[in-house]
1. Name the lysines eligible as straight-distance cross-link partners of Lys45: C-alpha to C-alpha under 19 Å, and not fewer than 8 places from it in the same chain.
2. Count charges around Asp7 for me, please; just the other residues with Cβ under 14 Å from its Cβ, Lys/Arg as +1, Asp/Glu as -1.
3. Using a Cα-Cα cut-off of under 21 Å, which lysines could be cross-linked to Lys3, ignoring same-chain neighbours fewer than 8 residues away?
4. Just want to confirm a number: the relative contact order over the stretch 3-56, from Cα pairs under 8 angstrom separated by 6+ residues, in percent.
5. With each label point set 7 Å from Cα along the Cα-Cβ vector, what nm distance links Ile27 and Lys53?
6. Run lengths n ≥ 4 of DSSP H only: what is the helix-derived mean residue ellipticity at 222 nm for the chain, with -39500 (n - 2.57) per run over all residues, to the nearest 500?
7. Give me the number: length gained by fully extending Glu2 to His19, i.e. 0.36 nm times residue separation minus the C-alpha to C-alpha distance, one decimal in nm.
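Computed from the coordinates by the stated procedures, all read-outs in this text should not be read as laboratory data. Since this is a predicted model, take the numbers as computed values, not measurements. Using ideal geometry, Cβ is built from the backbone for each residue, glycine included, and neighbour counts are taken over all protein chains shown.
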Amino acid sequence: MEKEVIDYCANEYCGKEIHFGQPVFRIGHELVCNGQCLVEKLGAKATIAGRDKDET
Ligand SMILES: [Zn+2]
């Protein structure tokens, strides 16, 4: 069953459809589809504490 598309993920690298009733994150008036998109949208990056230098 197709749910109504109410918005699109605010992470421009994702841009997935966001459907009515879907759990999302809100940043101001923008919505992102999951936690990964949230950190990317905020310019943050998941890493391991103390191992940042291993990242390229
Ligand atoms: Zn997304």
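1. Those lysines meeting the cut-off are Lys53.
2. So the environment of Asp7 carries a net charge of 0.
3. Straight-line reach from Lys3, under 21 Å: Lys16.
4. Dividing the mean separation by the residue count of the stretch 3-56 yields 28 percent.
5. Result for the modelled spin labels: 3.0 nm.
6. That calculation yields -3000 deg cm²/dmol at 222 nm.
7. Result: 5.2 nm gained on full extension.
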